[in-house]
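The values are calculated or read from the model by the stated rules, or taken from the named source; none is laboratory data. Every value quoted in this text rests on a predicted model; they were computed, and no experiment measured them. When we count neighbours, we look across all protein chains shown, and the Cβ atoms used for this are built from the backbone with ideal geometry, even at glycine. Protein only, heavy atoms only, side chains kept; ligands, DNA and RNA dropped before computing areas. Shrake-Rupley method; radii C 1.70, N 1.55, O 1.52, S 1.80 Å.
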Amino acid sequence: MIGIISYLTFFLTITAVLAIAVLGLNLQWGNTGIFNGGVVAFFGTGAYVMVILAGPERAGEFGGFGLAWPLAMIGGALGAGILAFIVGLATTRLRHDYLAIATFGIAVAVEVFARNATFWTGGAKGIRGFERPLEAFISNPFVYGLFYLTIVLAVILLVYLALERLVRSPFGRLLRAIREDETAARSLGKYPARVRLQAFVLGAIIMGLAGGLYATFYAFISPQDLAPILTFQIWAMLIVGGAGNNRGAIAGTFVVWGCWVASGWALSSFAPADVQIYAGTLQYILIGLLIVGMLLAKPRGLLPEKLAVSTHSFEPVTPAKATQAS
Amino acid sequence: MIQALFDGILVGSILSLGAIGLTLVMHILKFANFSHAELLSIGAYCALTFDTVLAAIAPPMATLFSPFSMSAALALAMLASAAFTGGTAIIVDQLVFRRLRNKAGALTMVFASFGVALIIRNVIGLIFGLNTQRYSDEISFATMVSADPLLLIKPDQVAILVMALMAMVALHLLLTRTTLGFALRAVAENPTLAQVNGIPLESVVRLTWIIGGGLAAIAGVLYGIDNQLSPVMGRDLVLSLFAAAIVGGLGSVSGAMFGGFIVGLASSFAILLLPAGYKPAIPFLVILVTLYIRPNGLFGETR
Amino acid sequence: MSMKTTTLWGALALGVCLPAAPALAQDCTVKIGAVLPTTVDWGRPIAATAQFAVDLFNEAGGVKGCKVEMSLRDSQVDPKIGVDAAKALVDLEKVPVLLGAVSSGVSMPILTSVTVPSKVMQMSCCSSSTAFTGVAEEGKTDGLWFRTFATTRNQSAVAALLTQERGYKKVAIFYKNDDWGQDIGKLVQADLEKLGIEVTSSTAITDGQSSYRSEVTEALKTQPDAIYMALYPSEGTLVTREWISLGGTQNMVVANALKSDEYRDNVGLKYLGNLVGHDSAQPRTASAEDFVALYKAKFNAEPNGPGLPNSFDAAMIALLAMQASAESTGPAIAASVGRVTDPAGEAIFPNKEGLEKAIKLLDEGKNISYQGGTGPVTFDKNGDVSAPAVAWAFDESGTREVKYFTLDEVNAFIATLEK
């Protein structure tokens, strides 16, 4: 029994951390229509900056500032925000597909930097030895797991409430207005480029926060955490849950991460030993099928956006229409 | 220096072939197809299968044309594979992208293409195994063309370059000398007007996939000859292909050709300036610089 | 030879004494967890080898008469997935022992956030990062961490020794751009320079690149008289073929990761005549030969590939420790590892007869000295193996041993390097 609770605590913690990143993406894509193909770049920056600020001293490498954990978390989030600002200046004015590819490239660049710049990031071996907040006082790992889950849930609740307020505020309406029709928004005297940049940076800050929580949870970060597959996972969560709907974003995280984990478990428990060796490959195929199937069956997600002003996600795109739109 | 120039052109020619198909699809179907690079893998593995079969049926065909590590069987296999890959691309379109075109946004398709890429890559891994493979295990030795500055060229490299250029010329003729080519260009220029003039959209879409898939297959085979086959080769090439397409400007065939060479050269020269570990980020830097200077790519129309 | 004969006689004698095959009490099972990257080319055989060890052990009677079931989960080389799989195995399937992972980037978070907090023993076949020694020295592994892969320090010294012995003066280094490669690349460079050998270039090879020609060309320009490669077969093949086809020297010193049939066949044996590799210990003892024979019988191929003997030994030692331990808890099993790898104990080879004998001896309270695919394994207090080293070369049938370095020789050489 305690094993099940222990695993559930673990599962919920990682799901909640990922859900925060999905909320950040929902602000960018769901509400503003910015296609960020490099979620992992901001997630990873948040994680690395946090670990460097609050982490241990490393011989011959940068870091060991011993900053208090909450401050380091804020630092990590800001780091992600600054990266987004620099990147956004160059890319948010681009058309969607260009933006997707440019941000995809940023994720690769961040990973490459983390892998090679040993002085700053520890190189491929990563940074270990992070002291988790209050770990010294809570020695029982089971209790500590529950404690950390509480922290993560508190953060996700805060982010969720803040985003809900934001979405309902005039700024939120402006974001959707720009998503729907940039020209119309401009004719009303708004500055779409600036507003898009704001939303992009804000979303990145939220992803950076998730990254910080992630690195704290594992007390370890390495370039392997920055593989492009994470971007794909986060996107899958948002699309399955329903872009534009914060609750959908969270629900999608549960469903996708749950399926990802459960399919691994199911294959390892039920597949015969000879097939076990191929389980990982089969799992990827299943996940690919799940996502494509979901897009075909319910393109607007499990919990579609409620303020159904959007026309962009279910109207057919004929080449003619798309030419005008872009 | 001159070595980097030559190597860059060679890699560039392969990227160009892949990027041409990608740019056409992105332009006519309006979505960034992340699964395009997997067509290279399909083509490469398909040719491997045909090659093995042909060599078994008619062993003389498997004799290598010295000093090249290519055989008649492989040449035939490459053509068969181009047709097969074009067909596969149409099937994937019918199964996934066409359905989404009718009911979802372009970005849903981008995302679906991620999923398709994942499926194709792992199915290949399941069928052919995860190990790397080659068409010929012979090593083709380089000839030293010049000692200082150092220039080493392998016969295979010349052959690959020639084949890539031949494929590009063939495509150019197809686009400029045939009715189909006119229809395709018309749709690319102005889809509505093209339809008004009685050009059937769906058949142009099919043609796009055949061209894109066929060129991708040839690129995949050439890549396989130059390097090796692996189920994840598509994943490794995807960013470079996108970079080539974007640098050239979407929809521009000559742009994609040119873009491929730029990306190839940039990766090849990068090592002179940066530590080798940073090489994977080069295509991205090329994209960023291009978009910063020309947001629609070098040959793209301003919108 | 004499050793082998004794074992044979011993096994025969046991075969007479014991009931023909200790029938498994089929109604009980013992679980062991494994988190390995089955989705990558070099990961799949590692998992298959671990499964093979479990099958062998079951043939010999299983752990305490119970059938061993290995729950294998794919790590996808993704730390999130790997840690989740480990957590599920530990919490839900209650495994007391976890095999894995391969990459240090996955093993490390599993160790710090799953196995140590949950008091589960973790035995990795292949994580070689020196970071683990650091964690152990800080006292953060609680003695639950072991690995059957010699640390990079050990390997790099042997690499330098081999280079020196062969009289190479200028060496270009290619290293895989991951934690293992960066680590060993740096150490080998330092060791070579201490020996007065010039390192003309040191090039990172990031996997998943479309071509390595420019990396190879740059190294070629420095005109080394030998190259050192710490690469995996997949990119190692590409780099070597490129290197040879461009007329580079065929004097090569390589790390054990390239000890693979795939690499040999793909590059071509005729170009690898001057290649010498180092390995922690594919020793000349009878045990290693037994492992090779067993492996050949099962997979119809030589056990050549990164981490195969290591994976086999990791599983075997874990199973033997489970047999030796009174309780089925992580700390108790970890404490029993010493009983299984006691140099003073009777030598045990991992075939059916050997294992049956081992089970019997352990049940009698005696210690054994397990001698598996990587030789007589012993762990130090940090869970690291100190192993003798071997130089090997490729031949028609696979690989052959060129030279054997005893543990003392290796340690003495490291001491001279560190002076």
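Local charge sum around C:K119 (other residues, Cβ-Cβ under 15 Å, Lys/Arg +1, Asp/Glu -1)?
Every neighbour counted, the sum reads 0.
Can you compute the radius of gyration and Dmax for the protein assembly as shown, using only the Cα atoms, both in Å?
Gyration radius and largest Cα-Cα distance of the protein assembly as shown: 28.9, 96 Å.
By the scheme Lys and Arg +1, Asp and Glu -1, what is the net charge of all other residues having a beta-carbon under 12 Å from that of A:T9?
Once all neighbours under 12 Å are counted, the net charge is 0.
In degrees, nearest 10, range 0 to 90: what is the angle between the Cα axis of helix C:407-417 and the longest Cα principal axis of chain C?
40 degrees
Accessible area per residue for the stretch B:2-293 in Å², computed with a 1.4 Å probe and the full protein assembly in place, what is it?
Computed with neighbouring chains in place, this is 35 Å² per residue.
For the B and A pair, go ahead and give the buried accessible area with a 1.4 Å probe, both sides summed, in Å² to 100.
Buried surface at the B/A interface: approximately 4400 Å².
Using Cα-Cα distances under 8 Å and only pairs 6 or more residues apart, what relative contact order does chain B have, in percent?
Relative CO of chain B lands at 36 percent.
Could you rank the peptides B:283-295, A:101-113, C:173-185, B:234-246 by their average count of other C-beta atoms within 10 Å per residue, with the highest value first?
The most tightly packed comes first, giving B:234-246, C:173-185, A:101-113, B:283-295.
Could you work out the mean count of beta carbons from other protein chains within 10 Å of each residue's beta carbon in B:183-192?
Taking the mean over all residues of the peptide, I get 2.
State the percentage of accessible surface on the stretch A:2-227 attributable to carbon and sulfur atoms; use a 1.4 Å probe and exclude ligands, DNA and RNA.
71 percent
Between helix C:79-91 and chain C, what is the angle of the helix's C-alpha long axis to the longest principal axis, kept within 0 to 90° and rounded to the nearest 10?
Its long axis makes an angle of about 10 degrees.
Which whole-Hz couplings ³J(HN,Hα) result when phi for each residue of the stretch B:37-43 is put into the Karplus expression 6.51 cos²θ - 1.76 cosθ + 1.60, θ = phi - 60°, listed in order with x for Gly and Pro?
Working through the residues one at a time gives 5, 5, 5, 4, 5, 4, x Hz.
At a 1.4 Å probe radius, carbon and sulfur cover how many percent of the accessible area of the stretch B:2-293?
71 percent
Mind checking C:256-263 for the average number of partner chain beta-carbons within 10 Å of each residue's beta-carbon?
Mean number of neighbouring Cβ atoms from other chains: 1.
Under Stokes-Einstein, with the Kirkwood radius over Cα pairs standing in for Rh, what whole-number D in µm²/s applies to the stretch A:2-227 at 4 °C and 1.567 mPa s?
71 µm²/s
Can you give me the long-range amide H partners of C:V30? Hydrogens built in the peptide plane at 1.01 Å from N, cutoff under 5 Å, separation of 5 or more residues or another chain.
Excluding prolines and chain starts, which carry no amide H, the hits are C:K67, C:V68, C:E69.
Please work out the C-alpha center-to-center distance from the stretch A:61-88 to the stretch A:137-157 and express it in whole Å.
22 Å
Using a probe radius of 1.4 Å on protein heavy atoms only, what is the accessible area buried between chains C and B, both sides summed, to the nearest 100 Å²?
Chains C and B together bury approximately 3000 Å².
When you look at the Cβ of every residue in A:177-189, what mean number of other chain Cβ atoms sits within 10 Å?
Whole-number average of other-chain Cβ neighbours for A:177-189 is 0.
Within the set C:K94/C:K352; C:K31/C:K94; C:K296/C:K352; C:K259/C:K352, which residue pairs have Cα atoms separated by over 18 Å?
Going by Cα-Cα distance, C:K94/C:K352; C:K259/C:K352 fall outside the 18 Å limit.
Distance between Cα centroids, the stretch A:97-111 to the stretch C:111-146: provide it in whole Å.
Comparing the Cα centres of the stretch A:97-111 and the stretch C:111-146, I get a distance of 35 Å.
Classify the stretch B:202-303 from the C-alpha gyration tensor, please: rounded if a/c falls under 1.5, else prolate or oblate depending on whether a/b exceeds b/c.
Oblate.
Once a ≥ b ≥ c are taken as the square roots of the eigenvalues of the Cα gyration tensor of the stretch C:337-381, is the result rounded (a/c under 1.5), prolate (a/b larger than b/c) or oblate (a/b not larger than b/c)?
oblate
Relative contact order of chain C: what whole-number percent is it, with Cα pairs under 8 angstrom and at least 6 residues apart?
17 percent
Distances longer than 31 Å among the Cα atoms of chain C: what percent of all pairs is that?
The calculated P(r) of chain C puts 37 percent of pairs beyond 31 Å.
Go through the stretch B:238-248 residue by residue and turn each phi into a ³J(HN,Hα) via Karplus (6.51, -1.76, 1.60, θ = phi - 60°); whole Hz please, and just put x for glycine and proline.
Per-residue couplings from phi come out as 4, 5, 4, 5, 4, 4, 4, 5, 6, 4, x Hz.
Checking understanding here: applying a Kyte-Doolittle mean of at least 0.5 and a length along the axis of at least 20 Å (C-alpha), which whole DSSP H helices in chain A pass?
A:2-25, A:39-54, A:69-91, A:96-116, A:141-168, A:192-218, A:246-270, A:279-297
Highest first, please rank the peptides C:261-272, C:383-394 by the mean number of other Cβ atoms sitting within 10 Å of their residues.
Per-residue mean Cβ counts within 10 Å order the peptides as C:383-394, C:261-272.
With angles folded into 0 to 90 degrees, how steeply does helix C:352-363 sit against the dominant principal axis of chain C? Use alpha carbons for both and round to 10.
For helix C:352-363, the angle is close to 60 degrees.
When a/c is below 1.5 the answer is rounded, else prolate if a/b is larger than b/c, else oblate, so apply that to the stretch B:124-205 with a ≥ b ≥ c taken from the square roots of the Cα gyration tensor eigenvalues.
oblate
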